[in-house]
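The block underneath contains the structure these notes are about, expressed in structure tokens.
The values are calculated or read from the model by the stated rules, or taken from the named source; none is laboratory data. Just so we're clear, the structure is a prediction, and the values are computed from it rather than from any experiment. No Cβ is skipped: glycine too gets one built from the backbone with ideal geometry, and neighbour counts run over all protein chains shown. These accessible areas exclude ligands, DNA and RNA; they are computed on the full protein's heavy atoms, side chains included. Shrake-Rupley method; radii C 1.70, N 1.55, O 1.52, S 1.80 Å.
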Amino acid sequence: MGWDLYDRLIEGIPEDVLVRDYCLGVSWSYVEAESGAGISYTCRGGATKHTDKRDFRGLPLREMAALSKSWCFEEATLGIAAMNAWYGQRRLVDAMGAVYDEPVELPDGSVHKIDAFELMRPEIEARDDASVVVVGHFPHVDRIEEYARLTVLERNCRAPLDVPDPACEYILPSADYAFITGVTLENKTAPRLLELSQNAFVTMVGPSVVMSRSLLDAGVDMAAGSIVLDPERVAHSVKSGGGMSFGGAIQMVAVYREPTVPAAN
């Protein structure tokens, strides 16, 4: 797969859409373009040398999206946010049959906003002794252990469930369900992880996920990302350097490769 996925995503952005503003933030980053705004998790590491020092304001969004191929992960962060500034338009997401987040009552009686893990929970629970692999230590990921065999692949192991991410070569091929963080698009591990997960139902999850049909064609069964509702609030949150304190400025959304979707309750 290699660069094919990135090239398709870049080429899908029209050449005449221009960048208005952008910010590489401490925790999150954003790009605002004529088409709208997009965000991504700020990925650190990779090459220390920035390969492109242009001011992208007023330049084509497609050129900024090409930063997604940079081995400097901070640059790649902006490239993915630029992609989301195009693909995160509600009209484009709706055309793929978008499902938006709504509150859901969990089996223990608590109510949470629905997310990718809870969307898939009924299907996973119905399968006896399902193997679930999660790439990235998400909040409350240990809840999956209540109804499935869980392995968490993490670059910086910090919990008993975590195993180092090179274990993906051994664990993902036998997984029934795989949840892959959208940050893998930034650090370039996504293509290989998708190859290893061909036998699993694959969900790519997180605000960095590019909501594009190209991602589904590359092997993602459910893309669970976000759209920006209030660019001004997103810009303020990113520039203030905090965590994911976007409030109602973004909305979580999911699209599926197949028309049949798991039940929400």
Review point. Roughly how many nanometres apart are two label points built 7 Å out from the Cα toward the Cβ at Glu11 and Glu145?
Key: 4.6
Exercise for review: Just check region 5-108 against the gyration tensor rule for me: Cα atoms, a ≥ b ≥ c as the square roots of the eigenvalues, rounded for a/c under 1.5, and otherwise prolate or oblate depending on whether a/b exceeds b/c.
Suggested key: oblate
Practice item. Provide, for the chain, the number of lysine pairs with alpha carbons under 19 Å apart, each pair being eight or more places apart or on different chains. Key: 4
**Study point:** Portion, in percent, of the accessible area of the chain that falls on carbon or sulfur, probe 1.4 Å
**Key:** 50
Revision key, fill the gap. So the angle from the long Cα axis of helix 116-126 to the longest Cα principal axis of the chain, reported in degrees to the nearest 10, equals 20
Exercise for review: Quick one: which residues, 5+ away or cross-chain, put their amide H under 5 Å from the amide H of Tyr22? H built at 1.01 Å from N.
Suggested key: Glu32
**Study point:** Using θ = phi - 60° and Karplus 6.51 cos²θ - 1.76 cosθ + 1.60, couplings along region 224-241 (whole Hz; Gly, Pro as x)
**Key:** 10, x, 8, 10, 8, 8, 9, x, 5, 5, 4, 4, 5, 4, 5, 5, 7, x
Revision key, fill the gap. Placing +1 on each Lys and Arg Cβ and -1 on each Asp and Glu Cβ in the chain, then taking the dipole about the Cα centre, the residue among Gln198, Gly248, Ser35 whose Cα reaches farthest towards the positive end is Ser35
Point to revise | Nearest 10 degrees, 0 to 90: helix 73-87 Cα axis against the chain principal axis | key: 90
Revision key, fill the gap. Once phi for every residue in region 10-16 is put through the Karplus expression 6.51 cos²θ - 1.76 cosθ + 1.60 (θ = phi - 60°), the whole-Hz ³J(HN,Hα) values, with Gly and Pro written as x, are 5, 5, x, 8, x, 6, 9
Point to revise | Calculated log₁₀ intensity ratio I(q)/I(0) where the Debye formula runs over C-alpha points of the chain, q = 0.08, 0.09 Å⁻¹ | key: -0.30, -0.38
Check your understanding: On average, how much accessible surface per residue is there in the chain, in Å², for a 1.4 Å probe, leaving out ligands, DNA and RNA?
Key -> 45
